[in-house]
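Novice: Below: one structure in structure tokens.
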Amino acid sequence: MKLKSPEYKRMNPILRKRLSLCLGKTIFSIFLFTILSPLMISVSIVPVMQERSVRNMCITAVVLFCALTVVFTVISGLVGKATKIIRHASPWENVLFSGFDDKRNVNAGLFYAFLFCVSGLILLLIIKFSGNVFTSMIPSKIDFGNEKEFVKFVRSATIFSTMLITIFVILVLPFIFAWNVLIDYKEISAAKAILRSASLLGPKYFQFIGYVFYSVFKNIIMIIFVTALDIAVLSRFKLSFLSLVFSFYAILQQYTIYSKILFCIPIYYYSLLSVNEILPESCNESSSQ
């Protein structure tokens, strides 16, 4: 059966209304997450940074995989809470580690961690077979006392991180509805939820991407505008206070984008089910309450 597509203009008012109930708390939760996740991943690579031995590489791989599983389980809690707000307008409370309340979220987290590792392998293959395009960007050693070497390290780390995240998003996108499926069907396993997600989002892959960009487009424009204004005017005239205010506003817009993307997942999921008249019974019960 060919799935009908939900309309962007019908979904966006729901996004604005529901997110307005908890925007501040959502931004704060995502802010904590953006501190927690890099910290855990950084700690996991300490062994291999100390000494590049086979033993330390194995330890790092295991610890990194566990850290990634925790990160994705935490994300499941964020998506789960956004889903409940979309369905019931429930308060944004006890969010950050709520994903661990259901062990199926941890199982799904293992799958997402595996996909992240696959993304890393794909990136390594791209680097290996690209000739000197990317290999020349990798510093032979990291010398934080040398400004040129440090700048080279930061630039290459930014490019490779962006490539890694892009590859991962391409791979993981068809499976992101698994968290919503697990909420709707208490008896279903994580594996079946992942397959269910792929069957729903696979045919609507690009439409969902379009909806996300449609939802955050104005915020992206505002970030570009205030950043350009800061560089072109405020920095030139050394208006440091205004420059600080503009920088804070740009960061706030950035976290608003993260919040909107978080809510886009359940909104598109339930809109897709609704327009195709395949909403689960639990949704019909909650809507009648």
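Novice: Suppose we filter the stretch 182-199 for residues that are more than 21 Å from K81 (Cα to Cα) and either open to solvent by less than 60 Å² (accessible area, probe 1.4 Å) or among the polar types (S, T, N, Q) (or both); how many remain?
Specialist: 2
Novice: Another question about this same structure. When you look at S44, is it open to solvent by less than 10 Å² (accessible area, probe 1.4 Å) and at pLDDT below 80, yes or no?
Specialist: Numbers: open to solvent by less than 10 Å² (accessible area, probe 1.4 Å): yes; at pLDDT below 80: yes.
Answer is yes for this residue.
Novice: Assuming I126 fulfils every condition listed in (1) surrounded by fewer than 16 Cβ atoms within 10 Å (Cβ to Cβ); (2) modelled with pLDDT under 85 apart from one, which condition is it?
Specialist: (2)
Novice: Between a first residue in the stretch 67-78 that is closer than 11 Å to V106 by Cβ and touching a residue at least 60 places away in the same chain (Cβ under 8 Å) and a second residue that is of a type in the set (G, A, S) and in a helix (DSSP H, G or I), which pairs have beta carbons less than 8 Å apart while being 6 or more apart in sequence or on different chains?
Specialist: That search, which allows pairs on different chains as well, returns S76/G99; S76/A108; S76/G109.
Novice: In the stretch 148-207, which residue that is part of a helix (DSSP H, G or I) and of a type in the set (D, E) is farthest from T73 (Cα to Cα)? Spell out how you get there, then give the answer.
Specialist: So in the stretch 148-207, the residues part of a helix (DSSP H, G or I) come out as 148-175, 178-184, 190-207.
Restricting the remaining residues to those that are of a type in the set (D, E) gives 149, 184.
Values: E149: 36, D184: 17 Å.
Selected residue: E149.
Okay, residues lined up against (1) over 25 Å from S259 (Cβ atoms); (2) open to solvent by less than 60 Å² (accessible area, probe 1.4 Å); (3) modelled with pLDDT of 80 or more:
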residue	(1), (2), (3)
V54	yes, no, no
E93	no, no, no
F97	no, no, yes
S130	yes, yes, no
F134	yes, yes, no
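Novice: Still on this model: Sort through Y269, Y214 and tell me the only one that's in contact with a helix residue (DSSP H, G or I) (Cβ under 8 Å, 6 or more places away or on another chain), surrounded by fewer than 18 Cβ atoms within 10 Å (Cβ to Cβ) and assigned to a helix (DSSP H, G or I).
Specialist: Numbers: Y269 fails: surrounded by fewer than 18 Cβ atoms within 10 Å (Cβ to Cβ).
Result: Y214 is the single residue among Y269, Y214 that is in contact with a helix residue (DSSP H, G or I) (Cβ under 8 Å, 6 or more places away or on another chain), surrounded by fewer than 18 Cβ atoms within 10 Å (Cβ to Cβ) and assigned to a helix (DSSP H, G or I).
Novice: Please go through the stretch 67-91 and pick out each residue that is hydroxyl-bearing (S, T, Y), open to solvent by 10 Å² or more (accessible area, probe 1.4 Å) and more than 15 Å from S37 (Cβ to Cβ). Step through it out loud before you land on a result.
Specialist: Here is the first cut: in the stretch 67-91, the residues hydroxyl-bearing (S, T, Y) are 69, 73, 76, 83, 90.
From the residues that got through so far, the ones that are open to solvent by 10 Å² or more (accessible area, probe 1.4 Å) too are 69, 90.
Matches in the stretch 67-91: S90 only.
The values are calculated or read from the model by the stated rules, or taken from the named source; none is laboratory data. Note that the structure is predicted; figures quoted are calculated from it, not measured. Cβ atoms come from the backbone with ideal geometry, glycine included; neighbour counts cover every protein chain shown. For accessibility, only protein heavy atoms count, side chains too; no ligands or nucleic acids. Shrake-Rupley method; radii C 1.70, N 1.55, O 1.52, S 1.80 Å.
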